[in-house]
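See below for the structure under consideration.
Just so it is clear, none of the values below were taken in a lab; they were calculated from the coordinates. This is a predicted model, so every value here is computed, not measured. All Cβ positions, glycine included, derive from the backbone under ideal geometry; neighbour counts span all protein chains shown.
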Amino acid sequence: MQAIETKYLSPTNAQSSRIKATCEGGSITLSWEHGLDAFENHKRVAEALLKKLNWNGLELIGGGLKNSYVFVLVKKPKPCLVEAAKEALAFFSSHNIRPNSEEKDPRKSLKAALESVGA
């Protein structure tokens, strides 16, 4: 897998502000979208590069550096696994199942897993 770096390109006499997304597989440059904030603009262009390269089934997680943003690619969780985790969490919660003192509480693990995928 490759990381995607995005950089802001200042306007010139010939072009407006732009964002350029680059990785080893290629690059793409798109105009700044004034209705979006900086992070949303950078993520939008990184997602456009994903689409251009036909990298399907992946999700971007990113953050800002001093002069750019960097996005890493993670596999999207399968919906059936997310639903199974939600059902298991509901079961443990409704049946008031508590672990022994030496065991890890499964509810905490399930909650953390669901939060990590935005569910």
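Couple of notes before you dig in:
- Each of Lys51, Lys20 was scored by other Cβ atoms within 10 Å of its Cβ. Arranged with the fewest first, they read Lys51, Lys20.
- From the Kirkwood radius over Cα pairs of region 4-75, Stokes-Einstein at 37 °C and 0.692 mPa s returns a whole-number translational diffusion coefficient of 267 µm²/s.
- Among the listed pairs Lys7/Lys66; Lys51/Lys111; Lys66/Lys111, those beyond 21 Å (Cα-Cα): Lys51/Lys111; Lys66/Lys111
- Our coupling estimate for region 51-63, obtained by passing each phi through the Karplus curve with A = 6.51, B = -1.76, C = 1.60 and θ = phi - 60°, is 5, 4, 8, 6, 8, 8, x, 10, 10, 9, 10, x, x Hz, Gly and Pro reported as x.
- Length available on full extension from Ala84 to Leu36: 0.36 nm per residue minus the Cα-Cα distance, which gives 13.8 nm.
- Ser17 long-range amide H proximity, modeled H, under 5 Å: Trp32
- Inter-label distance, nm, simple model (7 Å from Cα along the C-beta direction), Ser10/Lys66: 1.7
- The distance between label points at Arg44 and Thr29 comes to 1.8 nm (points 7 Å beyond Cα on the Cα→Cβ vector).
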